[in-house]
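One structure below.
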């Protein structure tokens, strides 16, 4: 009796000490997280319900939400994000998987090819935009010059409402495919070898092997890369600043760039706050969906 | 047969993927007459260094370089400190509210500072830090990603080693420094590469938070420089500027390719 009491007492004081020790270790991270992640998130939510200049804020309920949700441009921007995701994600994932499956084999030149697909990942998006701006320039651009050899001139890729989105999508596929390829290469390296040996013994054809073994076993990688790709589509908007400023007529505008415009070009703080809350909700639900549904079913 | 067709497609794609870099590189050595003229765009007949000289003189690239270095390493050094402590706490200590804190840290993986441009700008202006390098760095000094990455590694350090060093009279920071940090070297390298290349590329946040050349990093400097010379006649100069910005990254990438690739791979397995 006496002994157990002593032991539990010691445990308590020990854990109190350890608690404080752990909190102190986490404190440096926690300070910066609080200041620049938690506080700004709460602040955006707060500001989204208040309108007027910073010094004289007035509670306005959901008015600003109503305003944003009925705004034509907001709908267009959200639609653009969806189009952008549909345009970039499946294609770059498919391409990345295709490249990884073939470049995983030890062959002469496969290392060089991997480099050629991966290097765009290292280049800053703003520099990528600079490069592709010149590729897409009418008349003198690389694409125009290429088309001229076939006697075509090609449209003004970035100035035309019907082509600007596809031009952006191709550029992003070029930039991200190599990045995703790396994850597939890692995934392939972890696949069980004996399954393949058995399949070959059974006389399975290469495509059958891919369809029934490789593809399903790579599913966790595919889902992970998909989440990364979708989040990236919301996070990466640097190229718009150089290439189109969201135009023509908001055809290429994306949510985060729209926030930038609202906050720093039009100084519409209420709108910027509402848009930021929308973006946070979108990103949280993507991740929540991943953790709650996909992760449980497929990972580990 | 199968193999041949697929490899032909892949080699073709590889060339297509490589062309943009090749073209920028060649254009940066071309005279404006050649850029606009009808000559074959992937060849330069009179290579010239003039574009680089012009670009270097037209914008304070040296200052931008300096700023990028300060920002990138200023972020990295503080991050290494905060993530080491945080990772140790999550990996080896039991404490009240561990799960709650863990989830709070997880939040930063989803709500990254990149998307909080607007509220963070307001906070910086309240702190009086607008247009400082410190403001560019501050939001990134905590890295949930780094904490989780390192926590995984620290968990694999045998607990006996920890205990043994304690018995030898090591204080906790000595144990951390002599036992944990050395065994996590590959993770530190992976994290450092990802962090440096990420912040070297960062654009929107430094764009809004800096107003002067004294504090602008390379990416912002390049964007402003490119915007003022968008006409075809000055392409040579703008491409030269672009090469100036991406060259160190590409060079580092080609030299440390293996580490780069495995770091990015590593970074994905959260």
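Read the figures in this text as sums done on the coordinates, not as results from a lab. In this text the structure is predicted, and so the values were computed from the model without any measurement. Virtual Cβ from ideal backbone geometry, glycine too; neighbours counted across all protein chains shown.
For residue A:194 and residue A:245 in one chain, what is 0.36 nm times their gap in residues minus the Cα-Cα distance, to one decimal in nm?
13.1 nm
Does region B:85-158 classify as rounded, prolate or oblate by the C-alpha gyration tensor (a ≥ b ≥ c root eigenvalues; a/c under 1.5 gives rounded; else a/b over b/c gives prolate, otherwise oblate)?
Details: a/c = 2.78, a/b = 2.31, b/c = 1.20.
It is prolate, given that a/c is not under 1.5 and a/b is the larger ratio.
Please find, in a Gaussian network model of chain A (springs between Cα atoms separated by less than 10 Å), the residue of A:260, A:196, A:241 whose mean-square fluctuation is greatest.
Highest fluctuation among the options: A:196.
Quick check on chain A: take the gyration tensor over C-alpha atoms, sort the square-rooted eigenvalues as a ≥ b ≥ c, and tell me if it's rounded (a/c under 1.5), prolate or oblate. Please list the in-between numbers first.
Values: a/c = 2.39, a/b = 1.09, b/c = 2.18.
Oblate is the answer for chain A, as a/c is 1.5 or above yet b/c matches or exceeds a/b.
Helix-derived [θ] at 222 nm for chain A: sum -39500 (n - 2.57) over DSSP H runs of at least 4, divide by residue count, nearest 500? Don't skip to the end; give the middle numbers.
On the way: 15 runs with 210 residues, N = 300.
My calculation for chain A gives -22500 deg cm²/dmol from helical runs alone.
Between helix B:117-126 and chain B, what is the angle of the helix's C-alpha long axis to the longest principal axis, kept within 0 to 90° and rounded to the nearest 10?
70 degrees
Reported to two decimal places, what Rg/Rh ratio describes the protein assembly as shown when computed on Cα atoms with Rh from the Kirkwood expression?
Reported Rg/Rh (Cα atoms, Kirkwood Rh): 0.99.
Could you tell me the calculated FRET efficiency between residue A:20 and residue A:160, based on Cβ-Cβ distance and R0 = 60 angstrom, to the nearest 0.05?
Details: r = 63 Å, r/R0 = 1.05.
Plugging the Cβ-Cβ distance into 1/(1 + (r/R0)^6) gives 0.45.
Please report A:118, A:38, B:203 as a ranked list, fewest other C-beta atoms within 10 angstrom at the top and most at the bottom.
Going from least to most buried by this count: A:38, A:118, B:203.
Taking the beta-carbon count within 10 Å as an exposure proxy, list A:114, A:108 from fewest neighbours to most.
Lowest count first: A:108, A:114.
Students often get this wrong: which residues of region A:198-224 have the backbone nitrogen under 14 Å from the point 7 angstrom along Cα-to-C-beta of residue B:3?
The answer is A:206, whose backbone nitrogens lie closer than 14 Å to the label point.
Let me know the shape class of region A:1-159, please: from the alpha-carbon gyration tensor, a ≥ b ≥ c as square roots of the eigenvalues, rounded when a/c is under 1.5, otherwise prolate if a/b is greater than b/c, or oblate.
On the way: a/c = 3.42, a/b = 1.51, b/c = 2.26.
Note, shape of region A:1-159 comes out oblate.
Based on the Cβ-Cβ distance of residue A:150 and residue B:106, what FRET efficiency does E = 1/(1 + (r/R0)^6) give at R0 = 60 Å, to the nearest 0.05?
0.70
Of B:54, B:160, how do they rank once you tally other Cβ atoms within 10 Å and put the fewest first?
Sorted ascending by nearby Cβ count, the order is B:160, B:54.
Determine, from the Cβ-Cβ distance of residue B:31 and residue B:66 and an R0 of 30 Å, the FRET efficiency 1/(1 + (r/R0)^6), rounded to the nearest 0.05.
Once the sixth-power term is evaluated, E becomes 0.45.
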